[in-house]
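K.L.:
Okay, handing you the structure first.
The values are calculated or read from the model by the stated rules, or taken from the named source; none is laboratory data. All values derive from a computational prediction rather than experimental measurement. Don't worry about glycine lacking a Cβ; one is built from the backbone with ideal geometry, like all the others, and counts go over all protein chains shown.
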Amino acid sequence: MEYKWPYKNETGTEERISCDVLVLGGGMAGCYAAIAAARRGLSVVLMEKGAAVRSGSAGSGFDHWETACTNPGSRVTPKEIAEAFIDEQGGYSNGIAQYICCREGWDRLLDMESFGGKIRDTEDQFAGADFRDDETKLLYAYDYRNRYTLRVWGTTFKPALRRELSRLGVKVYDYTEATGLLTADVNGRKTNTGAMGMNVRTGKMLIVSAKETVLAMSRPARIWLFDADLPGLCEFRPPQSIGSGHAMGWRAGVEFTMMEKSVSGEFSAAGRSYPPYGAGNNHNTWYAATMVDARGVEIPYVDRDGRILKTVKERYLPAPGQKFFLKGGVIDEAKYEYRGPETMPFDELMKRGYKTPFYADLSRMPEMERKVIWGMMVGEEGKTRVPVLQNYTERGFDPEKHMLQSYGTGWKSASFLAQERQLFGAPGGIFHDWDLKTNIDGLYAAGDQLFASDCAGFAAATGYYAGRKAAAAAEKTGLLSPDETQISIEKERIYAPFFREHGVHWKELNMAIAKAMRNYCGAVKNEELLSEGLSLLSSYEEEIVPELSCDNPHDLARTHEVMDILTVSRIIMEACRMRKSGAKALYFERTDYPETDPPEDAHFITIRQEDGAVIRGDVPFGYYGDLEEEYEKRNQDYIKRGGK
Ligand SMILES: Cc1cc2nc3c(=O)[nH]c(=O)nc-3n(C[C@H](O)[C@H](O)[C@H](O)COP(=O)(O)OP(=O)(O)OC[C@H]3O[C@@H](n4cnc5c(N)ncnc54)[C@H](O)[C@@H]3O)c2cc1C
């Protein structure tokens, strides 16, 4: 059947604009960055590959807001929780960004409320529940004593942010993918001068000159796992967020860290798992659901000290003598002192004769806890509203009567082979200073693009922070002219697959990269495998990239994504080569350097590219100093403005 591309063909045409602050990526972090800069009266442009009203991980919703340590019910300080996160990760964490998140997260929620997002139980749906503060109508999650994580109506957030962008006059370019950064040499220092983008419907180029730029394009995906028949189901995060921000950063010389970290597959990868939060489990959204085994026997919860808990209420409280527990932000192997109540480990359950499959049985939970899981958390969380809450309900699922089965070894929604990896939890990303500025002048980063990033509150808080630092810098700088040679090289690069009539499709290249990564950069790593893998990736670069072809601007954008996946895979392999010992917190092992966590290697390794050469840096843990002191030194203006 003949089909006609429904949009104008504008390939080869261009629009040029300029602004004070340019934001790339209109997810949670990007929207808040744009708002912070626009509130200071600056001209702001936001470039978004999808439609900012619903784009990004938070577009379809989320159910909890982590680490709002300054909310009125909180019994912990930002410093306590930020330091716990760092300690919990054995130092491999982003102290600066975690502190910003813990300190400013509540300010961003108040902003959100003023934009029209829903953060309180205004209809008194949960009046009297243990997790509700009846005065403020705030709902808490996980640790009900310390109350620093809030349950929120995340599906209302992105549309509210989009309205605020319009109200503040931010110029939003939807359906425009950023493809490359523009730079100049200023007094011997590399300086950002803006970015280039392409309309993914028409192919028109957008060239933006900016005084300061914020990168907020999330993190890489589809590196180890890709299914050509189910591309939309290949990742937990939205399919258009595949790490192009990392790839363009790499090309420009941006410094990264922790890129050697990857975990064995967690969620949604390559269509193999059941829908996240749609299978019986007791994590995150489903915390602390009652679980039963195949015979209907209840599976016990134990606290940090291994004490079997007798009531559901105790699942939400720290152990006797424990100040607080970390839950919701921590995946697997929590350190003893931060561990919250959990069901017994799978192996222990097997030893004790429990029978699989297991099920989540909400019918055995108190009414409020059942209702807040099924109907609020499942419904507001990520992709649950339609696929899980609506579809299951329409098909007759009733949480008062029915159970949901678990898959994999116990609680996951699937099980993966060790070489089937993902960047999940708090993976590597852009390295930065206390302004969230990269090593390139005029270039900032926020949200999931930062190293060891995590969660919506983190994205909102770091986005706003980066936006206000970029705005402050823009007030003191002038606009530089873009480099015309860079522009023409970039145009040639991005249009090449469009003008090639027959060739390799992006899905084929994605399949090949994923296979190479599983073979040469799986759970088992050593120098021979990694260097072999790197030469295979180089051969793709030299032989397959010049053969890529596509039919329309949409497919062209998909092709760019896979070219970027190739670049990111290279960064990961190079970073893996640099770490010459195992590191537990990075889920990193090498057979040729079997020692784990030797003290001399316990630090960040940074990686960047300059003129094609890969450059390593070594940075000690704690390079950011005392979190509270250093933050307050740099943010008196914000503190005096009362968190605006
Ligand atoms: C299913 C799911 C459930 C989650 N639940 C929770 C939760 O309950 N609580 C919580 O705290 N966190 C949750 N998270 C995590 C949280 O949503 C993210 O950490 C957060 O939204 C990240 O925000 P961000 O702005 O950094 O990235 P994103 O929100 O992903 O935004 C990145 C944006 O960049 C755009 N983009 C990508 N590439 C380009 C390009 N080349 N040019 C232009 N634009 C580009 C994308 O379209 C996207 O809009 C969840 C995530 C998922 C996927």
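K.L.:
Of everything in the stretch 116-137, what is among the charged types (D, E, K, R) and surrounded by fewer than 19 Cβ atoms within 10 Å (Cβ to Cβ)? Give them in sequence order.
P.N.:
Lys118, Arg120, Glu123, Asp124, Asp130, Asp133, Asp134, Glu135, Lys137
K.L.:
Ok, one more. Would you check which residues across the stretch 450-492 are within 13 Å of the ligand (Cβ to nearest atom), aliphatic (A, V, I, L, M) and within 21 Å of Ala247 (Cα to Cα) and list them?
P.N.:
If the condition is that a residue be within 13 Å of the ligand (Cβ to nearest atom), aliphatic (A, V, I, L, M) and within 21 Å of Ala247 (Cα to Cα), then Leu450, Ala452, Ala459, Ala466 are the ones that fit.
K.L.:
Is it the case that Asp229 is more than 30 Å from Gly265 (Cβ to Cβ) and either of a type in the set (Asp, Glu) or in a loop (DSSP other than H, G, I, E, B) (or both)?
P.N.:
No; evaluated as a whole, the condition is false for this residue.
K.L.:
Quick one: count up the residues across the stretch 253-267 that are modelled with pLDDT under 95 and either of a type in the set (Phe, Trp, Tyr) or out of contact with any strand residue (DSSP E or B) (no Cβ under 9 Å at 6 or more places or on another chain) (or both).
P.N.:
1
K.L.:
Here are the criteria: (1) more than 9 Å from the ligand (Cβ to nearest atom); (2) surrounded by fewer than 24 Cβ atoms within 10 Å (Cβ to Cβ). Tell me which single one Ile35 does not satisfy.
P.N.:
The one condition Ile35 does not meet is (2).
K.L.:
Across the stretch 123-182, what is the number of residues that are over 30 Å from Gly194 (Cα atoms) and in contact with a Phe, Trp or Tyr (Cβ under 8 Å, 6 or more places away or on another chain)?
P.N.:
Matching residues across the stretch 123-182 total 19.
K.L.:
While we're here: In the stretch 38-87, which residue that is within 13 Å of the ligand (Cβ to nearest atom) and among the β-branched types (Val, Ile, Thr) is nearest to the chain's Cα centre (by Cα)?
P.N.:
The qualifying residue nearest to the chain's Cα centre (by Cα) is Thr67.
K.L.:
Moving on. Is there a residue being on the phi < 0 side of the Ramachandran plot, modelled with pLDDT of 95 or more, aliphatic (A, V, I, L, M) and in contact with a Pro (Cβ under 8 Å, 6 or more places away or on another chain) anywhere in the stretch 557-569?
P.N.:
yes
K.L.:
Now for a separate question. Among (1) away from the ligand (no atom under 16 Å from the Cβ); (2) touching a residue at least 12 places away in the same chain (Cβ under 8 Å), there is one condition Leu423 misses while meeting the rest; what is its number?
P.N.:
(1)
K.L.:
Please verify whether the stretch 71-80 includes one or more residues that are at pLDDT 95 or above, touching a Phe, Trp or Tyr at 6+ places or on another chain (Cβ under 6 Å), crowded, with 24+ Cβ neighbours inside 10 Å and of a type in the set (A, V, I, L, M, F, W, C).
P.N.:
no
K.L.:
May I pose another question? Of all helices (runs of 4 or more DSSP H) completely enclosed by the stretch 344-388, which ones contain at least 3 residues that are more than 15 Å from the ligand (Cβ to nearest atom)?
P.N.:
Answer list for the stretch 344-388: 346-351, 367-373.
K.L.:
Moving on. Filtering the stretch 125-146 down to residues that are outside any loop (DSSP other than H, G, I, E, B) and touching a Leu at 6+ places or on another chain (Cβ under 7 Å), which residue is farthest from Gly340 (Cα to Cα)?
P.N.:
Step by step, filter the stretch 125-146, then rank; the result is Leu138.
K.L.:
Checking Glu501 against (1) among the acidic types (Asp, Glu); (2) in contact (Cβ under 8 Å) with a residue 40 or more places away in the chain; (3) over 22 Å from Glu541 (Cβ atoms), only one condition comes out false. Which one?
P.N.:
The number of the failed condition is (3).
K.L.:
Follow-up. Mind telling me which of the residues Gly306, Gly340, Gly382 ends up being among the small types (Gly, Ala, Ser), under 30 Å from Ala452 (Cα atoms) and without any contact (Cβ under 8 Å) to a residue 12 or more places away in the chain?
P.N.:
Testing whether each residue is among the small types (Gly, Ala, Ser), under 30 Å from Ala452 (Cα atoms) and without any contact (Cβ under 8 Å) to a residue 12 or more places away in the chain leaves just Gly306.
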